[in-house]
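Q: Structure incoming, see below.
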């Protein structure tokens, strides 16, 4: 039997960068197939190629024995449904109407029929409505179907999008990180749903999903394809993948080789008795609306210390860092800056105190030149021209590559150069604490090594640094302390070796068992289901 | 409500006849303004579908009113078509021209699309001004007597009453369409084009369809407008007319809701017109209402009403 979807040797490049370079995957009828790979491996690009949003430069895709049509809506009509990595809802429609949109593919009423609401139109509308509410029930949607969807929690959007994709009666369903942002309970629910769908004999369905949650993939999928740098490394059963050395390497980096060499080991802790730490968080809670994303956070940072916060996607790392600079506002607890409370202050007041955040998306103004970007970030400091030049020149010694490109438009920089610029923008303000959100995202291993060196240098200058990372291998050896964040709480803290034990990472990323169930929960933080809590908070918001 | 969802056509016909005959009771000097109000509401509702619903900015509403007005006169005087044949033909022609404009500007969005539609309006206006005998040049065209079979010649008053009825039909059609799969598809492509495409929605076709739908209705409004004024004049169809229409849509709300598009002309066109005693203060009055509505209801009238309705009826209030 030939595969339902056969993609072989796909090649795509964006401006000289190979996003896909020999990617192949084959999905059989009724199979659940997973794609895993590190950040920037080309997983989403692959999904975009398979749904016609990105043009292929080489390779071949066949779906049901035919070549793929050229445009996305035709591909959807041919029977491929998908969800998107970031929420792609229609915010002005109700949940039910959102899902009804998924039935556009097989409803036929024309403009005139819709206008006069003909008999056919009424029947079709009733069928759309009925099926949409059936699907919403099946994905476990928790809110009234007529609810406005804009303010719903992220997890509900996810479920709604899956329902919407299923509404189109696809033969192949492509899911781009369906569990990102879901609570463990919800992840479990999605897993059960996908299994049930596959065995639904009335309507055979194949599923191809991209995921970072590797235990989830391994417990769910019949076969898994591992990709790195745009190419398929290996394809096979979960057990085969788990044993495959290349996969472990692409996730964890090269043993030894990738470990930063020239960087000195971390020194003793700088938390001197008596003097207040640079930053202290006491029982901090923060979130969006009334939903608390992080709870009970205690954290201390001394002068010149490097702190690592690790944890899965969606554990609350970014929320924690953003709450430090006051966006979102801290809902409970205290944030102390050299012993002085700053949790009530505005973003600009906090930043002026000497706290610099480099967000995950780098915060670069891409239409402006490198130099203009630097200059813009000194606004508010009212530097004299000579002082600005002195600061700039000292920074340029640290980042010589940026100096070469100072007139270049920032949007055309490579990923590594962007990260340099982002660091330079933060450092030119002479901060006392530098906060980096996923600085290694989208960076090649060599650049990450260079980044490690820079971070070490920055610490040596007496600037404290907090790094939040999913891929901690590069920064862990430099750090004084590490914290493990899960579901908005610290579930472990201490010396990096203890917290980010290599075995631990291995277990987190690759799982140990092949059972039906999710792997045993990581700690007590999982015990109370955050899903239920978020839900009740949301219900309060809507006055239900 | 149940009757409306099952037999919208019946409801609309009854409402159209009722409102039309109600309108004919209004004294004739007032009826003229009511007729014009009906025309403005039709245009606003049509534009609310295009801009609010499908998210396509167009400044060509004056152009399609001109298309309606001029072509109906040309069809009756030059082609000697009877009134009842000319009007549907003009509406279809306007829709086709609108679809063509939508097709040509498919690659444009936002301000670029708006500027392109200004270009269309300017080209059309210059064409009308220099169209010689066909368009009457700078003076425009004069409406021939409006003859219907078995009826005496139509007076301006009866045209106004008919305009009110047709306005009701337009509003009904716009509401049913926005609540159908096509209306949802428009809102979907407005909010997230990629996600819309993955629902199997042909985004290009839907955009062209939105332009055609809107332009057809605006052409009909243009026909009625020319009937009311007994002719056309190129200086009527200026960009400031288009901007006035857009103002009404924005004040009504850009969410694709039809209710705001009906209410905004009442507040910003009918109120200032009725208080004609204001004289020179009319524009001042108009500006003040405009400011007040936008400051008090920053997302437009429909959103303002919805939030009040939600406060009154709880979270389960239906979308209006």
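Q: I need the full set of residues from segment A:107-124 which are touching a residue at least 12 places away in the same chain (Cβ under 8 Å) and at the interface with chain B (Cβ under 8 Å from one of its Cβ atoms), in order please.
A: Those that are touching a residue at least 12 places away in the same chain (Cβ under 8 Å) and at the interface with chain B (Cβ under 8 Å from one of its Cβ atoms): A:107, A:109, A:121, A:124.
Q: Can you tell me which residue among B:32, B:64 is in contact (Cβ under 8 Å) with a residue 24 or more places away in the chain and under 14 Å from residue B:220 (Cβ atoms)?
A: B:64
Q: Considering only residues of segment A:53-64 that are in a loop (DSSP other than H, G, I, E, B) and touching a strand residue (DSSP E or B) at 6+ places or on another chain (Cβ under 9 Å), which is farthest from the other protein chains (Cβ to nearest Cβ)?
A: Applying the filter and picking the extreme gives A:57.
Q: Among A:97, A:146, A:161, which is the only one that is out of contact with any helix residue (DSSP H, G or I) (no Cβ under 7 Å at 6 or more places or on another chain) and outside the structural domain of residue A:178 (by TED's automatic domain parsing)?
A: A:161
Q: Another one. Consider segment A:481-494. How many of its residues are more than 20 Å from residue A:357 (Cβ to Cβ) and over 15 Å from the mean Cα position of the chain (by Cα)?
A: Here the count works out to 6.
Q: Of the numbered conditions (1) at pLDDT below 85; (2) more than 14 Å from chain B (Cβ to nearest Cβ); (3) in a loop (DSSP other than H, G, I, E, B), residue A:150 fails exactly one; give the number of that condition.
A: (2)
Q: Also: Limited to segment A:362-393, what total is found for residues that are more than 29 Å from residue A:341 (Cβ to Cβ) and either without any contact (Cβ under 8 Å) to a residue 24 or more places away in the chain or not in a loop (DSSP other than H, G, I, E, B) (or both)?
A: The total comes to 18.
Q: Something else now. Out of (1) away from every other protein chain (no Cβ under 14 Å); (2) farther than 27 Å from residue B:188 by Cα; (3) surrounded by fewer than 22 Cβ atoms within 10 Å (Cβ to Cβ), what's the single condition that is false for residue B:221?
A: (3)
Q: In addition: Would you call residue A:187 part of a helix (DSSP H, G or I), more than 14 Å from chain B (Cβ to nearest Cβ), touching a helix residue (DSSP H, G or I) at 6+ places or on another chain (Cβ under 8 Å) and over 30 Å from residue B:169 (Cα atoms)?
A: Judged against the criteria, residue A:187 is a match.
Q: Condition first: away from chain A (no Cβ under 14 Å), touching a strand residue (DSSP E or B) at 6+ places or on another chain (Cβ under 8 Å) and in contact (Cβ under 8 Å) with a residue 12 or more places away in the chain. Can you find one or more residues in segment B:230-250 that meet it?
A: Yes: one or more hits.
Q: Now for a different question. If you check A:195, A:169, which single one turns out to be in contact with a helix residue (DSSP H, G or I) (Cβ under 9 Å, 6 or more places away or on another chain), surrounded by fewer than 18 Cβ atoms within 10 Å (Cβ to Cβ) and within 13 Å of chain B (Cβ to nearest Cβ)?
A: Criteria check complete, one pass: A:169.
Q: Among the numbered criteria (1) modelled with pLDDT of 80 or more; (2) over 26 Å from the mean Cα position of the chain (by Cα), which one does residue A:267 miss?
A: Unmet for residue A:267, out of (1) modelled with pLDDT of 80 or more; (2) over 26 Å from the mean Cα position of the chain (by Cα): (1).
Q: On to the next question. Of all residues in segment B:147-201, count the ones that are away from chain A (no Cβ under 14 Å) and under 16 Å from residue A:89 (Cβ atoms).
A: Of the residues in segment B:147-201, 0 are away from chain A (no Cβ under 14 Å) and under 16 Å from residue A:89 (Cβ atoms).
Q: Let me confirm something: among A:156, A:137, which residue is free of Cβ contacts under 8 Å to residues at least 12 places away in the same chain, away from chain B (no Cβ under 11 Å) and within 27 Å of residue A:211 (Cβ to Cβ)?
A: Answer to the selection: A:137.
Q: Answer yes or no: is there a residue in segment A:37-48 that is buried (at least 23 other Cβ atoms within 10 Å of the Cβ), in contact (Cβ under 8 Å) with a residue 24 or more places away in the chain, within 14 Å of chain B (Cβ to nearest Cβ) and under 15 Å from residue A:176 (Cα atoms).
A: Within segment A:37-48 (the criterion being buried (at least 23 other Cβ atoms within 10 Å of the Cβ), in contact (Cβ under 8 Å) with a residue 24 or more places away in the chain, within 14 Å of chain B (Cβ to nearest Cβ) and under 15 Å from residue A:176 (Cα atoms)), the answer is yes, since at least one residue qualifies.
Q: Out of A:104, A:73, report the one residue that is not in a loop (DSSP other than H, G, I, E, B) and not assigned by TED's automatic domain parsing to the domain that holds residue A:129.
A: Result of the check over A:104, A:73: A:73.
Q: Considering segment A:76-101 alone, what residues qualify as being more than 7 Å from chain B (Cβ to nearest Cβ), assigned to a helix (DSSP H, G or I) and in contact (Cβ under 8 Å) with a residue 24 or more places away in the chain?
A: Answer for segment A:76-101, where residues must be more than 7 Å from chain B (Cβ to nearest Cβ), assigned to a helix (DSSP H, G or I) and in contact (Cβ under 8 Å) with a residue 24 or more places away in the chain: A:95, A:96, A:98, A:99.
Q: On to the next question. Here is a check on your reading of the model: is residue B:206 under 17 Å from the mean Cα position of the chain (by Cα) and either touching a residue at least 12 places away in the same chain (Cβ under 8 Å) or on the phi < 0 side of the Ramachandran plot (or both)?
A: So residue B:206 does not fit the description; no.
Q: Another question, if that's okay. Residues being over 17 Å from residue A:175 (Cα atoms), surrounded by fewer than 21 Cβ atoms within 10 Å (Cβ to Cβ) and under 27 Å from the mean Cα position of the chain (by Cα): count how many of those fall in segment A:72-103.
A: Total satisfying the criteria: 2.
The values are calculated or read from the model by the stated rules, or taken from the named source; none is laboratory data. This is a predicted model, so every value here is computed, not measured. A quick note on method: Cβ atoms are made from the backbone with ideal geometry, for glycine too, and the neighbour counts reach across all protein chains shown.
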